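Contents: one structure, followed by commentary.
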Amino acid sequence: MSVPDLSTIAVHAGRPERSPDAPLNAPIVPASSFVAGGPMEYARDAAPTTEALEALIGALEGGHATCFASGMAAANAVMDLVPPGGTVVAPNEAYTGVAVRLRELRDAGRIGLRTVDVADAAAIARACDGAALLWLESPTNPLMDVADLPRAIADAHASGARVVVDSTFATPVLQRPLSDGADLVLHSVTKALAGHSDLLGGAVVAADPVLAEEVRGRRVFLGGAPSAFDCYLAMRGIRTLALRVERAQASAQVLAARLAAHPAVQRVRYPGWGTMLAIELADVAACDALASRVRTWTHATSLGGVESLLERRRRWAKEAPSVPEALMRLSVGIEHVEDLWRDLEQALAP
Ligand SMILES: *Cc1c(COP(=O)(O)O)cnc(C)c1O
């Protein structure tokens, strides 16, 4: 049998075995402890609803998934795998929480840290010399830089470094880093995977089952296990992942082209694919005006939901200073593209 399309996997994976009267959906099992003698035992180690979500995300990425209570819990589990004193190579601008945490670990003497332009493959290869872990994010948040994943991963492996790819912006619909050779894929399930801005979740998917067990150990001992209810909601969201991403991507392409021709927009950052884009306006006041005048878009942080969101990233004190002050990040949802455009047009009008 040929391998099903991603959209089919998103609908079918992680469901209970088919037998008479079996429920179509994995049940929510609210239990912290299980009767001794089986493989579950305790919900920080394993739990039925979590395992169903892990089967689904693992199938989407083509590996073995461990789910977490948030993307940051997942990120911290990966950071904890770095041996003491090991060097991490990370993007110059990455998701703020990840960048902050890597600097904290460096300042505490726990890791070494080198940062690189993810779009510069030669710089990545040089930086990986002697490193323990290459931390890629592609496209990057919020500058939308794209890495040459197969090349960066091969160069890192040649230096003996492990590779994790934060693929939150791309989703498995648009990018599957394990098939490009990555050791680990990281997701903020909070974002496009769950897709409805109603939960926090994270996932780490490993190509190698032994490495997956190491990741699982980090959840067991760092404690970032997700709730059964959130796992259920995430699965419900993922069922429509391909539809949502295809629709939002089609709209993002239209909006990127129209915004590039708009007189109030100085620069559009859009790699040509995906559901996220960034625009640069004249100044912070223009950004604040846009944020306060939108009616269909919402001024809010986060991304990947059915509803379109925008925000000025530098309003966060810990955002990288190399991110332009007047940069607005736009997360395109599944509303009609003409409604989204009309709203931006009226909000950007002089
Ligand atoms: C949001 C985000 C995270 C962190 O995920 P949380 O679920 O908010 O903890 C990590 N990486 C990227 C790219 C993100 O957008």
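Results for (1) more than 14 Å from the ligand (Cβ to nearest atom); (2) among the acidic types (Asp, Glu), shown as yes or no for each residue.
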| site | (1), (2) |
| --- | --- |
| 171 | no, no |
| 198 | no, yes |
| 204 | no, no |
| 212 | yes, no |
| 216 | yes, no |
| 226 | no, no |
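Which of the residues spanning the stretch 177-202 are surrounded by fewer than 22 Cβ atoms within 10 Å (Cβ to Cβ) and assigned to a loop (DSSP other than H, G, I, E, B)?
181, 196, 197, 198, 199, 200
Just one of (1) crowded, with 20+ Cβ neighbours inside 10 Å; (2) more than 30 Å from residue 9 (Cα to Cα) trips up residue 167, so point out which.
The single condition residue 167 does not satisfy is (2).
Quickly run through the stretch 97-119 and pick out the residues that are within 14 Å of the ligand (Cβ to nearest atom) and in a loop (DSSP other than H, G, I, E, B).
The answer is 118, and nothing else.
Out of (1) modelled with pLDDT under 95; (2) crowded, with 19+ Cβ neighbours inside 10 Å, what's the single condition that is false for residue 10?
(1)
Given the structure, is residue 147 at pLDDT 95 or above, in contact with a Ser or Thr (Cβ under 8 Å, 6 or more places away or on another chain), more than 12 Å from the ligand (Cβ to nearest atom) and under 30 Å from residue 246 (Cβ atoms)? Steps first, answer last, please.
Numbers: at pLDDT 95 or above: yes; in contact with a Ser or Thr (Cβ under 8 Å, 6 or more places away or on another chain): yes; more than 12 Å from the ligand (Cβ to nearest atom): yes; under 30 Å from residue 246 (Cβ atoms): yes.
So residue 147 fits the description; yes.
Quick one: which residue in 94, 75 is touching a Phe, Trp or Tyr at 6+ places or on another chain (Cβ under 9 Å), part of a loop (DSSP other than H, G, I, E, B) and within 12 Å of the ligand (Cβ to nearest atom)?
94
Output yes when any residue across the stretch 30-53 is touching a residue at least 60 places away in the same chain (Cβ under 8 Å) and within 30 Å of residue 329 (Cα to Cα), and no when none is.
Yes, the conditions are met somewhere in the stretch 30-53.
For the stretch 1-29, what are the residues that are of a type in the set (Val, Ile, Thr) and either over 23 Å from residue 43 (Cα atoms) or in contact with a His (Cβ under 6 Å, 6 or more places away or on another chain) (or both)?
3, 8, 9, 11
The values are calculated or read from the model by the stated rules, or taken from the named source; none is laboratory data. All of these numbers come straight from a predicted model, not from anything done at the bench. Every residue, glycine as well, gets a Cβ built from its backbone with ideal geometry; the counts of neighbours run over all protein chains shown.
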